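The structure appears right after this line, and notes come after that.
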Amino acid sequence: MTANKLDWFVRARYGIFIHYGVYSLLERAEWVLNREAIPVVEYKRLATRFTAEKFDADELCDLAARAGMRYVVLTTMHHDGFRLYPTALSDFCSQRDLVGELVAAARKRGLHVGLYHSLNNQTDQPDAVAALEDKRAYEQLIANTFARFRELVTRYNPIDVLWYDGWWPFNADGWRAEELNAMVRDIQPHILFNGRNGLPGDFATPEGHLGAPKPWRPWEACMTLNDSWGFHAGDHHWKTPGQIADMLATCAQGRGNLLLNIGPRGDGSVPAESVRVLETVGEWLRRCGEAIYDTDPFTYDLRERGEHRGDWSHHGLFTARGNSLNWLLRLWPGETATFAGLKCRVRNATLLGANQKLAFTQTNSKVSLTGLPPQPPDPVCPVIRMECDQPPVMYLTPGIREPRVPHPHYDPCPSDLIH
């Protein structure tokens, strides 16, 4: 994949993930078929109840745009085999083309489009378990899988990302992943792949945590807005707008993307709390988005090495853009804010949103900003932009330890990323 085809993805920074399917009717998240051992015959009857009467692709894409997102990824088929579009390959599907509606709505708003599609199909025969034990079953499974993906990328052409998932129990050879990718690229040469068919893909997809690959390559962290991917009526553990801003800042540091998930109800409507959080973050991005979008990679020049971890991330995160250093303050310090370790000179400082110039002093690597409001001036996350005399670099002075990242990085490995 050439760099210019990846450029939009590297610059996107923020996208919406939508987990929606027939499982949404049961209101117990997307793994309900498997977790509750529902008989397949009984589960398939849900298709007659799936009308998606409140699914509105235009409203969903408007919400994504208001939230400051630049792309959308929809679950066209989860592991349960139910497709959100009419298909010639199965009667377990929506009679309404929800995928086509979303693709059209996204295109009208300039949003890039990714389609999630599971390799696995737990309600079809032969399934992957049967294919482990019988060569003829395996060949039929692979033929069925290739037919599904061929139909999907032929029907919705062009799209920007094919988002694989559900690779167990096979590796790349078992899924014939090289052949599968080649078939898809023959139909859509421009398309990007994630790394969940056993191959590395065009970008890394850490799930449930944030961390740039080392060595760096394009990446996207997929995270839930509460604790569930598909709609769960009992899950009210919503992340705050401040937590989302913090995740965006962490992704911006590592020049990666945040793919933030919502789970519509069975009728297709979006929970009000999801709307509130996304819109609040969108308003913050309109005030402070320069600290998130189009950032440069930002790391620390370590001067003290060893086993220590922590502790600047407790107070705030830094992002860089050209000669600008942005300080996103998790905890507001009051009328004075100080940090050390800056390996350049600050020329001026501004409180974003308020566009207020700030007084400061700098002694060697130590910068103190004074005259700040006593209370946090932004309800989501205050940001101070410092213009420097060169692209900013920060190092760790003796006694200051390496900043902690939320979780150690690991590449998406087919054995431990399942949703």
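Within the group L225, L210, L260, which residue is modelled with pLDDT under 95 and touching a helix residue (DSSP H, G or I) at 6+ places or on another chain (Cβ under 8 Å)?
Within the list L225, L210, L260, the selection yields L210.
Go through the range 148-171 and count every residue that is assigned to a helix (DSSP H, G or I) and under 23 Å from the mean Cα position of the chain (by Cα).
3
At pLDDT below 95 and either in the same structural domain as P169 (by TED's automatic domain parsing) or surrounded by fewer than 19 Cβ atoms within 10 Å (Cβ to Cβ) (or both): does that describe G399?
Considered against the rule, which asks whether it is at pLDDT below 95 and either in the same structural domain as P169 (by TED's automatic domain parsing) or surrounded by fewer than 19 Cβ atoms within 10 Å (Cβ to Cβ) (or both), G399 comes out as yes.
Provide a single number: the residues in the range 208-238 that are closer than 23 Å to L26 by Cα and of a type outside the set (A, V, I, L, M, F, W, C).
Summing the residues that are closer than 23 Å to L26 by Cα and of a type outside the set (A, V, I, L, M, F, W, C) in the range 208-238 gives 10.
Being surrounded by fewer than 19 Cβ atoms within 10 Å (Cβ to Cβ), at pLDDT 95 or above, among the hydrophobic types (A, V, I, L, M, F, W, C) and in contact with a helix residue (DSSP H, G or I) (Cβ under 9 Å, 6 or more places away or on another chain) is true for just one of V275, V270, V281. Which residue is that?
Working: V270 fails: surrounded by fewer than 19 Cβ atoms within 10 Å (Cβ to Cβ); V281 fails: surrounded by fewer than 19 Cβ atoms within 10 Å (Cβ to Cβ).
The conditions single out V275.
Those residues that are buried (at least 17 other Cβ atoms within 10 Å of the Cβ) and hydrophobic (A, V, I, L, M, F, W, C), I need them from the range 147-171; list them, please.
F149, L152, V153, I159, V161, L162, W163, W167, F170
What number of residues within the range 247-265 satisfy the criterion of being surrounded by 21 or more Cβ atoms within 10 Å (Cβ to Cβ), more than 12 Å from the chain's Cα centre (by Cα) and within 15 Å of D235 (Cα to Cα)?
Going through the range 247-265 one residue at a time, the tally reaches 2.
Given R276, R255, R286, which one is of a type in the set (D, E, K, R), in a helix (DSSP H, G or I) and touching a residue at least 24 places away in the same chain (Cβ under 8 Å)?
After applying the criteria, what remains is R286.
In the range 191-209, is there at least one residue being in a helix (DSSP H, G or I) and of a type outside the set (V, I, T)? Let's see the steps before the verdict.
Start the filter on the range 191-209 by keeping residues that are in a helix (DSSP H, G or I), which leaves none.
No: zero hits.
If I filter the range 109-140 down to residues being assigned to a helix (DSSP H, G or I) and of a type in the set (A, V, I, L, M), which single residue comes out as surrounded by the most Cβ atoms within 10 Å (Cβ to Cβ)?
Per the criteria, the residue is A128.
One residue is enough: does the range 109-128 have a residue meeting the conditions out of contact with any helix residue (DSSP H, G or I) (no Cβ under 9 Å at 6 or more places or on another chain) and of a type in the set (F, W, Y)?
Looking through the range 109-128, at least one residue is out of contact with any helix residue (DSSP H, G or I) (no Cβ under 9 Å at 6 or more places or on another chain) and of a type in the set (F, W, Y).
Would you check if there is a residue in the range 50-66 being of a type in the set (K, R), farther than 30 Å from I292 by Cβ and surrounded by 22 or more Cβ atoms within 10 Å (Cβ to Cβ)?
Taking every residue of the range 50-66 in turn, none turns out to be of a type in the set (K, R), farther than 30 Å from I292 by Cβ and surrounded by 22 or more Cβ atoms within 10 Å (Cβ to Cβ).
Results for (1) under 12 Å from C381 (Cβ atoms); (2) in contact (Cβ under 8 Å) with a residue 24 or more places away in the chain; (3) of a type in the set (D, E); (4) surrounded by fewer than 13 Cβ atoms within 10 Å (Cβ to Cβ), shown as yes or no for each residue.
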{"position": "G316", "(1), (2), (3), (4)": "yes, no, no, no"}
{"position": "A320", "(1), (2), (3), (4)": "no, yes, no, no"}
{"position": "N323", "(1), (2), (3), (4)": "no, yes, no, no"}
{"position": "R330", "(1), (2), (3), (4)": "yes, yes, no, no"}
{"position": "E335", "(1), (2), (3), (4)": "no, yes, yes, yes"}
{"position": "F339", "(1), (2), (3), (4)": "no, yes, no, no"}
{"position": "V346", "(1), (2), (3), (4)": "no, yes, no, no"}
{"position": "A349", "(1), (2), (3), (4)": "no, yes, no, no"}
{"position": "L352", "(1), (2), (3), (4)": "yes, yes, no, no"}
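Taking the conditions exactly as written (part of a loop (DSSP other than H, G, I, E, B), of a type outside the set (S, T, Y) and either in contact with a strand residue (DSSP E or B) (Cβ under 9 Å, 6 or more places away or on another chain) or at pLDDT 95 or above (or both)), does D246 satisfy them or not?
Answer is no for this residue.
Which one is surrounded by the fewest Cβ atoms within 10 Å (Cβ to Cβ) among residues in the range 1-37 that are of a type in the set (A, V, I, L, M, F, W, C) and touching an Asp or Glu at 6+ places or on another chain (Cβ under 8 Å)?
W8
The values are calculated or read from the model by the stated rules, or taken from the named source; none is laboratory data. Since we're looking at a predicted model, the values are computed, not measured. Here Cβ is always computed from backbone atoms with ideal geometry, including for glycine, and neighbour counts include all displayed protein chains.
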